1. With 510, 460, 485 as the choices, which residue is modelled with pLDDT under 95 and either of a type in the set (Asp, Glu) or under 18 Å from the mean Cα position of the chain (by Cα) (or both)?
2. In the stretch 483-509, how many are open to solvent by less than 50 Å² (accessible area, probe 1.4 Å), outside any strand (DSSP E or B) and out of contact with any Leu (no Cβ under 6 Å at 6 or more places or on another chain)?
3. Considering each residue of the stretch 305-331, count those that are closer than 13 Å to residue 293 by Cβ, open to solvent by less than 20 Å² (accessible area, probe 1.4 Å) and not aromatic (Phe, Trp, Tyr), and give that number.
4. Which condition number does residue 447 fail, the rest of (1) buried (at least 20 other Cβ atoms within 10 Å of the Cβ); (2) basic (Lys, Arg); (3) closer than 30 Å to residue 115 by Cβ being met?
5. What do you reckon, is residue 187 of a type in the set (D, E, K, R) and either assigned to a loop (DSSP other than H, G, I, E, B) or over 30 Å from residue 294 (Cα atoms) (or both)?
6. Could you pull out every one of the helices (runs of 4 or more DSSP H) wholly within the stretch 1-116 that has 3 or more residues that are buried (at least 16 other Cβ atoms within 10 Å of the Cβ) and at pLDDT 50 or above?
7. Examine the stretch 295-311 for a residue that is farther than 20 Å from residue 151 by Cβ, in a loop (DSSP other than H, G, I, E, B) and of a type outside the set (Lys, Arg), and state whether such a residue exists.
8. Would you confirm whether or not the stretch 367-386 contains a residue that is within 21 Å of residue 223 (Cβ to Cβ), touching a Ser or Thr at 6+ places or on another chain (Cβ under 6 Å) and in a helix (DSSP H, G or I)?
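The values are calculated or read from the model by the stated rules, or taken from the named source; none is laboratory data. Since the model is a prediction, treat every value here as computed from it, not as a measurement. Neighbour counts run over all protein chains shown; Cβ positions are idealised from the backbone, glycine included. Only protein heavy atoms, including side chains, enter the accessible area calculation; ligands, DNA and RNA are left aside. Shrake-Rupley method; radii C 1.70, N 1.55, O 1.52, S 1.80 Å.
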Amino acid sequence: MATASSSLAFPSLQQRQLQSLRRQQRPSNRHFSARPIHASVSEKPAQGVSVSLPESSNLPIRKIPGDTGLFLIGPMKDRLDYFYNQGRDEFFKSKIQKYQSTVFRTNMPPGPFIAPNPQVVALLDGKSFPVLFDLTKVEKKDIFTGTYMPSTELTGGYRVLSYLDPSEPNHGKLKKLLFYQLKSRRDQVIPEFISSYNELFDTLEKELASKGKAIFGSANDQAAFNFLSRSLYGVNPADTKLGNDGPGLVAKWVLFQLGPQLTLGLPKYLEDLTIHNFRLPPALIKKDYQRLYDFFYSSSGFLLDEAEKLGISREEACHNLLFTTCFNSFGGMRIFFPNTLKWLGRAGAKFHSELAQEIRSVVRSNGGQVTMAAMEQMPLMKSVVYEALRIDPPVPLQFGRAKRDMIIESHDAAFKVKEGELLFGFQPFATKDPRIFERPEEFVPDRFVGEGEKMLKHVLWSNGRETEAPTVENKQCAGKEFVVLMSRLFIVELFLRYDSFEIEVGKSPLGVAVTVTSLKRASF
């Protein structure tokens with residue numbers, strides 16, 4: 001498959017000049033060093049309208065290229081190309097080549113008859129993409145999933161936090177509640193992760209012994225749900241009426257929300273005529289959702305008490321806690337951990353040994369304990385997490401609606417955007433921008449070691465820069481540091497237990513499907 005870098009066609013002279021400048025300014029990627037780093041886990045008339053300009057720019061103003069086609073026909077053609085004829089990445093690459101621009105107009109799925117207006121301005125480079133984080137320029141109301149919004153019947157009748165703009169009163173209250181949850185349960189995170197994921201490794205080993213291979217996804221789903229329930233709520237799902245049904249119920253519930261953006265492997269036209277044209281009726285999932293809601297309501301007493309103090313009803317708070325835990329956190333672990341395992345598996349046994357050596361030596365020097373302080377002394381391990389988040393971000397699509405007329409810059413040109421236009425960014429192209437990163441399509445484990453840490457500002461997975469922090473005033477993921485911590489723990493526990501491993505990688509509607517074919521227990 002063609003890489004993003006191979007498909008970007010820019011004016012050759014300007015490209016050579018920019019590349020030369022970049023070589024002078026960009027820090028080199030060093031080989032692994034034990035030196036520690038410190039990093040925390042419809043258009044309106046233009047007349048009389050003030051246009052927001054960048055502070056300084058010598059770039060030419062260019063009309064945004066792109067053609068969204070005829071009514072219905074254009075969006076449907078783009079949808080078929082996106083899902084089937086080309087595939088998502090090639091869909092974007094072909095348009096970059098066609099328009100000779102990383103900023104252009106296009107349609108985004110699902111289009112008719114789910115999304116009333118599928119037209120977006122695509123931002124597919126690392127310079128234009130960050131405008132999606134600037135809340136002085138973009139609004140985030142009801143665009144979490146893009147050009148359509150799932151029925152609120154799927155979330156108890158409430159617009160949950162992910163669909164709220166920070167200007168809405170409940171946004172700050174709900175985000176404060178999540179910060180409170182993370183702070184009050186922080187001491188349980190590491191021990192419960194270790195317990196839950198050692199159960200996962202036991203499961204994988206037993207399956208390997210009996211079948212010769214082990215499916216990582218199902219075991220990871222159960223471990224992730226158990227970990228989140230035990231660490232954030234103090235409840236073991238197996239000891240409740242929910243039992244081990246949580247992951248399956250969540251998967252079905254997520255399908256009803258994201259189905260219009262997925263391919264499930266059904267025959268092309270059957271699938272497109274169903275889940276991409278019509279919403280799945282929420283009534284079909286009502287009983288399953290109620291089981292999840294009852295579990296979280298009975299487990300969240302201390303959080304619901306805090307919610308009432310913040311001015312949020314217990315019911316609304318519970319629906320938000322369910323969404324954050326199951327859609328955001330569980331969904332992230334369900335996608336990101338297999339992706340991380342994929343890249344680690346491809347890195348090979350030699351690298352595994354180097355990573356295991358760093359992790360084990362640091363744990364031994366810290367009394368055999370895995371702590372946050374100890375993990376800060378593992379620069380290679382930390383870099384691996386950031387590199388996995390860079391090359392395979394768990395939430396690849398990002399949206400924002402322009403609050404006013406403004407100018408957006410790519411590396412090569414500036415573009416006028418009108419108030420009300422929907423801006424779309426495909427994050428993997430922004431974080432694999434060859435104008436920013438060397439060897440952007442490669443998984444470089446030590447990319448962020450030493451001087452490479454300066455490049456963390458270009459890691460954008462959390463709806464913000466890695467060097468920035470979530471607040472009640474922004475839309476950066478409330479659990480940003482929690483996600484980084486979980487990801488670090490996953491790698492640490494993996495290499496405390498195993499010297500190396502081998503895997504097979506297949507396709508999945510979300511992320512990848514990983515099958516473990518070999519696990520070599522720790523020998524040193």
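1. Numbers: 460 fails: modelled with pLDDT under 95; 485 fails: modelled with pLDDT under 95.
510 is the lone residue from the list that is modelled with pLDDT under 95 and either of a type in the set (Asp, Glu) or under 18 Å from the mean Cα position of the chain (by Cα) (or both).
2. Selection size over the stretch 483-509: 14.
3. Counting residues in the stretch 305-331 that are closer than 13 Å to residue 293 by Cβ, open to solvent by less than 20 Å² (accessible area, probe 1.4 Å) and not aromatic (Phe, Trp, Tyr) gives 8.
4. (3)
5. Values: of a type in the set (D, E, K, R): yes; either assigned to a loop (DSSP other than H, G, I, E, B) or over 30 Å from residue 294 (Cα atoms) (or both): no.
So residue 187 fails the test.
6. Fully inside the stretch 1-116 and qualifying: 73-80, 88-99.
7. Let us first name the residues in the stretch 295-311 that are farther than 20 Å from residue 151 by Cβ, namely 295, 297-311.
Of the ones still in play, those that are also in a loop (DSSP other than H, G, I, E, B) are 300, 311.
After this cut, where a residue has to be of a type outside the set (Lys, Arg) as well, the list is 300, 311.
Yes.
8. yes
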